[in-house]
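**Q** What follows is a single structure, and I will ask about it in a moment.
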Amino acid sequence: MALIEAKNIIKTYITGDEHFNALNGVSLSIEKGEFVAIMGASGSGKSTFMNMLGCLDKPNSGTYVLDGINVTDLNLNELADVRNLKMGFVFQGFNLISRTTALDNVQLPMIYKGIEEEERVKRAYEVLEIVGLKGREHHMPNQISGGQQQRVAIARAIANDPPLILADEPTGNLDTKMSIEIMNFFVKMNEEMGKTIVLVTHESDIAEYCKRVVHFKDGSIISDEVKRK
Amino acid sequence: MIDTKSILKMSLVSLKVNKMRSALTSLGIIIGVSAVIIMLAVGSGASKKVQQNMESMGSNLLTIRSASAKSGGVRQGIGSKPSLTIKDAETILKNVEGIEALSPVSSENKQLMYGNQNWSTTVYAVMPSYFYIKNYEIDYGRGISMEDNRNYAKVAVLGSTVATELFGDLDPIGRVIRVGNIPFKIIGVTKTKGSAGPFDQDDLIFIPITTAQRKVFGTAFPGTVNMIIAKGENSETLNQTEKDIDEFLTARHHISKNQEKDFEIRNSAEFQEKMQSTVQTFAILLASIASVSLLVGGIGIMNIMLVSVTERTKEIGIRMAIGAKAQDIRLQFLIEAVILSLSGGLIGILTGVIGAMLVEMLSSGLSVQISMFSIILSFAFSGIIGVAFGYYPAHKASLLNPIDALRYE
Ligand SMILES: Nc1ncnc2c1ncn2[C@@H]1O[C@H](COP(=O)(O)OP(=O)(O)OP(=O)(O)O)[C@@H](O)[C@H]1O
Ligand SMILES: [Mg+2]
């Protein structure tokens, strides 16, 4: 069974009198262990689609089944649990909580999962070491580089060991060297940890790291190719 | 389920991040709680002082005075035409139940002289029981006895103020002073009682009432006294005793139903109650004013928490994206508000207690009384304020939509 099963997703934004379909009946199925890049021009609906996948927003119509759960039926609390347990987010702007240490940031998803402090701290040290931030546990976001901040975000995304990682332009704010570093982590997460990854990017260099590329245009998928390896 | 301890920790971290703001927010509560503690302390201090004054003046007292008689339609002052006699006093004591002690009293202002020292004071002509009734204790020497009254003895007991004014460091016992030209031998001095309001309770002397009637007070109505003062056995029966005396005297003075009475009885309990309730009203007023400042402190918390929620919209979005439920967000902000108000409450109690002590030290004569009750009350109140004024901002935070909150810059 597919991890992600989205059918006919329509998302309409209403500004004033104007109705605008940001997503125009998108259907996409993603298997466990896939590494999918989503590409497309600015405004084509990539982020809108990611928000649907991330259970942050609800479609106007269509169904979305994640890991066997029909997400469209869930209430707000259940959605929070799905976000907490089934997926990790990596955003373009890092989205760490400011003036809070790396260690505390990484612990957040575990706090909301209800894990005991002792275990939480142990796991936070562990994942920070995985992303190569050993010794930086007590740094605040503004005391480390952008690449390091994004690595904290990755550590946070895998803290609860979810099957799915959603990344919306994770390298958008980073230079080439740091982007390569970050992408290597995504490859590692995909290949060594078996995470399913959906990653939005504008750059074909970044898409190179992925196994499958989906193209969006005006709220619809116009191409979907699996790369040979 | 997320445990409260973890939320508590997160709240503390958030508050620590904004140290200055947290401190300023608590300041409102600190001032409010201090004000409540100080005002309650001043209020109950005043109430206690009044109580003590009352007790020093004697309790459960009934004062019977000659009523003002109308002469030609003009009302004259109470006691102007004396109608009470020592005999009245004696028969009341014998016939009315519930009286513990009783004394006829006459008083007049007189000039005292000792050598070349002069002092003008009030001379009280009394029976021995008067000392007990009005709580005067003998410091040294002795009090006035029945013997003195029987013998029309020219003896006097001095209040401590008079003793100091006339004799300074000298021992007054056995010395002779002149009370309006009549020599009196001093037999005792009373203990200092202090003042009741503006009235110095030690600026007086006592002489036997029989002596006064015969030799000192020139009266147009021989045998009469200004008043009779009685101490009731207890406060419960005082009103009944008052009624009984009234009936007894009415009958004894042959006053018919449609005639005006020639005496008037005052009940000290009524006066004391009135006084107590005045002080209480005053204390409640003070505490209410203080509570308003506590309320203002609460509004300050709400204000800052609302600002904080807006400022941390993005943080709230992040928390929701990674799995925080609405109730987790609400609890965190609520706990932050309660921590602010409770810590403000604790510091406020400390500064309030110190403040109350300063008030006592710096003001002359104002006494304060800090009660455990006021401390617990204001601490609990500050907690309630934290919840009451923290709830709305916390609830507002929990209603945010994760996607909008994440986009907020
Ligand atoms: N909250 C909103 N209200 C109205 N219109 C919106 C809203 N969010 C997105 N849109 C519109 O929906 C369309 C898709 O937006 P989306 O953010 O998904 O694009 P994108 O593919 O992620 O673009 P980019 O590459 O620039 O990030 C855009 O035309 C955008 O203007
Ligand atoms: Mg986008």
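The values are calculated or read from the model by the stated rules, or taken from the named source; none is laboratory data. As the structure is a prediction and not an experimental result, all values here were calculated from the model. Using ideal geometry, Cβ is built from the backbone for each residue, glycine included, and neighbour counts are taken over all protein chains shown. Just so you know, the surface numbers come from the protein's heavy atoms only, side chains and all, with ligands and any DNA or RNA stripped out. Shrake-Rupley method; radii C 1.70, N 1.55, O 1.52, S 1.80 Å.
**Q** Dipole size in debye (nearest 20) for the protein assembly as shown around its Cα centre, Lys and Arg Cβ +1, Asp and Glu Cβ -1? If you can, show how the numbers build up before the last one.
**A** Numbers: 64 positive and 66 negative charges, 254 e Å.
The calculation lands at about 1220 debye.
**Q** Then there is this: Once you sort the root eigenvalues of the Cα gyration tensor of the range B:106-231 as a ≥ b ≥ c, which label holds: rounded (a/c under 1.5), prolate (a/b larger than b/c) or oblate (the other case)?
**A** Values: a/c = 1.40, a/b = 1.17, b/c = 1.20.
Since a/c stays below 1.5, the shape of the range B:106-231 is classed as rounded.
**Q** How far is helix A:176-191 tilted, in degrees, relative to the longest principal axis of the Cα atoms in chain A, given as a value from 0 to 90 rounded to the nearest 10?
**A** Computed tilt is about 80 degrees.
**Q** Kindly point out which whole DSSP H helices in chain B project their C-alpha atoms 18 angstrom or further along the helix axis while averaging a Kyte-Doolittle hydropathy of -0.5 or above. The partial results should precede the final answer.
**A** Numbers: long enough: B:4-17 (20 Å, 0.81); B:19-56 (53 Å, 0.69); B:238-252 (21 Å, -0.94); B:268-311 (64 Å, 1.01); B:326-362 (52 Å, 1.51); B:372-398 (38 Å, 1.13).
Span-like helices, by this rule, are B:4-17, B:19-56, B:268-311, B:326-362, B:372-398.
**Q** Between residue B:235 and residue B:261, how many nm apart are label points set 7 Å from Cα along the C-beta direction?
**A** Distance between label points: 2.3 nm.
**Q** Now, a different point. Pairs of alpha-carbon atoms within less than 8 angstrom and 6+ residues apart define the contacts here; what relative contact order does chain A have, in percent? Could you put the intermediate results ahead of the total?
**A** Numbers: 443 pairs, mean separation 64.6, N = 229.
In percent, rounded to a whole number, it is 28.
**Q** Per residue of A:44-51, how many C-beta atoms from partner chains lie within 10 Å of its own C-beta, taken as a mean? Walk me through the numbers before you get to the answer.
**A** Values: counts 0, 0, 0, 2, 1, 0, 0, 4.
Whole-number average of other-chain Cβ neighbours for A:44-51 is 1.
**Q** Compare the peptides A:144-150, B:61-67, B:290-296, A:84-90 by average per-residue count of other Cβ atoms within 10 angstrom and give them in order, highest first.
**A** Values: A:144-150: 19.4, B:61-67: 21.0, B:290-296: 17.9, A:84-90: 23.7.
So the peptides A:144-150, B:61-67, B:290-296, A:84-90, ranked by packing, come out A:84-90, B:61-67, A:144-150, B:290-296.
**Q** A further question on this structure: Could you report the buried accessible area between A and B, both sides summed, computed with a 1.4 Å probe and given in Å² to the nearest 100? List each step's numbers first, then the result.
**A** Details: alone 11320 and 21220 Å², together 30310 Å².
Roughly 2200 Å² of accessible surface disappears when A and B pair.
**Q** Here's another thing I want to ask about it. Could you rank the peptides B:256-262, A:62-68, B:123-129 by their average count of other C-beta atoms within 10 Å per residue, with the highest value first?
**A** Working: B:256-262: 9.4, A:62-68: 17.6, B:123-129: 23.4.
Sorting B:256-262, A:62-68, B:123-129 by mean packing, highest first, produces B:123-129, A:62-68, B:256-262.
**Q** Based on DSSP, what percent of beta bridges with both residues in chain A are antiparallel, to the nearest 5?
**A** On the way: 23 of 41 bridges.
Of those bridges, close to 55 percent are antiparallel.
**Q** Using a 1.4 Å probe on protein heavy atoms, which residues of the range B:309-354 have at least 40 Å² less accessible area in the complex than alone?
**A** When all protein chains are present, B:318, B:319, B:321, B:322, B:323, B:325 each give up 40 Å² or more of accessible surface.
**Q** Looking only at the protein assembly as shown, where both bridge partners belong to it, what percent of the DSSP beta bridges are antiparallel (to the nearest 5)? All intermediate terms of the calculation are to be shown ahead of the outcome.
**A** Numbers: 65 of 92 bridges.
Antiparallel: roughly 70 percent of the beta bridges in the protein assembly as shown.
**Q** Tilt of helix A:76-86 relative to the longest C-alpha principal axis of chain A, in degrees (0 to 90, nearest 10)?
**A** That helix lies at roughly 60 degrees to the long axis.
**Q** In addition: Sequence neighbours fewer than 8 away in the same chain don't count; with that in mind, list the aspartates and glutamates whose C-alpha is under 13 Å from residue A:211.
**A** A:31, A:34, A:191, A:224, A:225
**Q** Mind checking the per residue accessible area of the protein assembly as shown for me, 1.4 Å probe, whole number of Å²?
**A** Working: 30310 Å² over 638 residues.
On a per-residue basis, the protein assembly as shown sits at 48 Å².
**Q** Pairs B:134/B:154; B:49/B:261; A:134/A:217; A:195/B:19; B:87/B:110; B:215/B:274: which are spaced more than 32 Å apart, C-alpha to C-alpha?
**A** Numbers: B:134/B:154 22 Å; B:49/B:261 36 Å; A:134/A:217 42 Å; A:195/B:19 41 Å; B:87/B:110 25 Å; B:215/B:274 39 Å.
Among B:134/B:154; B:49/B:261; A:134/A:217; A:195/B:19; B:87/B:110; B:215/B:274, the Cα-Cα distance tops 32 Å for B:49/B:261; A:134/A:217; A:195/B:19; B:215/B:274.
**Q** In whole percent, and with a 1.4 Å probe on the protein chains, what portion of the accessible area of the range B:106-231 is carbon and sulfur?
**A** Working: 2760 of 5670 Å².
Solvent-exposed carbon and sulfur of the range B:106-231 make up 49 percent of the total.
**Q** Moving on to the next point. Give me the dipole magnitude in Debye, nearest 20, for chain A about the Cα centre, with unit charges on the beta carbon: positive for Lys and Arg, negative for Asp and Glu.
**A** Values: 25 positive and 31 negative charges, 60 e Å.
Charge dipole, chain A, about its Cα centre: 280 debye, nearest 20.
**Q** If you don't mind, there's one more thing I want to ask. Go ahead and run the numbers for FRET between residue B:364 and residue B:150, Cβ-Cβ distance against an R0 of 60 Å, rounding to 0.05. Please report the intermediate quantities before stating the final value.
**A** Working: r = 47 Å, r/R0 = 0.78.
The pair residue B:364/residue B:150 has a calculated efficiency of 0.80.
**Q** Once the piece of chain linking residue B:274 and residue B:139 is laid out straight, how much longer is it, given 0.36 nm per residue of separation minus the C-alpha distance between them? Numbers along the way, then the final one.
**A** Values: separation 135, 0.36 × 135 = 48.60 nm, distance 3.23 nm.
Contour length minus Cα-Cα distance gives 45.4 nm.
**Q** Which value, in debye to the nearest 20, describes the size of the charge dipole of the range B:106-231 about its Cα centre when Lys and Arg Cβ atoms bear +1, Asp and Glu Cβ atoms bear -1, and nothing else is charged?
**A** Numbers: 13 positive and 11 negative charges, 94 e Å.
Dipole size: approximately 460 debye.
**Q** Which one, A:53, B:112, A:63, is farthest towards the positive end of the dipole of the protein assembly as shown when Lys and Arg carry +1 and Asp and Glu -1 on their Cβ?
**A** The residue sitting farthest along the positive end of the dipole is B:112.
**Q** Hey, another quick one. Past 22 Å, Cα to Cα: identify those pairs from A:7/A:46; A:122/B:5; B:193/B:243; A:32/B:314; B:193/B:231, in the order given. Walk me through the intermediate numbers first.
**A** On the way: A:7/A:46 16 Å; A:122/B:5 18 Å; B:193/B:243 31 Å; A:32/B:314 31 Å; B:193/B:231 19 Å.
From A:7/A:46; A:122/B:5; B:193/B:243; A:32/B:314; B:193/B:231, over 22 Å: B:193/B:243; A:32/B:314.
**Q** Among A:36, B:39, B:408, flag the residue with its Cα farthest along the positive direction of the charge dipole of the protein assembly as shown, charges on Cβ as +1 for Lys/Arg and -1 for Asp/Glu.
**A** B:39
**Q** Using the charge dipole of chain A (Lys, Arg: +1 at Cβ; Asp, Glu: -1 at Cβ; taken about the Cα centre), state which of A:110, A:14, A:132 has its Cα farthest towards the positive end.
**A** A:132
**Q** Determine the distance separating the Cα centre of the range B:107-173 from the Cα centre of the range A:11-43; give it in Å without decimals.
**A** Comparing the Cα centres of the range B:107-173 and the range A:11-43, I get a distance of 106 Å.
**Q** With both partners inside the range B:106-231, how many of the DSSP beta bridges are antiparallel, as a percent to the nearest 5?
**A** Rounded to the nearest five, the antiparallel share is 70 percent.
**Q** Could you compute the FRET efficiency for residue A:202 and residue B:388, with r as their C-beta to C-beta distance and R0 at 56 Å, rounded to 0.05? Walk me through the intermediate numbers first.
**A** Details: r = 50 Å, r/R0 = 0.89.
Result of the calculation: an efficiency of 0.65.
**Q** Please compute the modelled spin-label separation between residue A:193 and residue B:395, points set 7 Å along Cα→Cβ, answer in nm with one decimal.
**A** 4.0
**Q** In nanometres, what is the gap between the two model label sites at residue B:248 and residue A:42, each 7 Å from Cα along Cα-to-Cβ?
**A** 10.7
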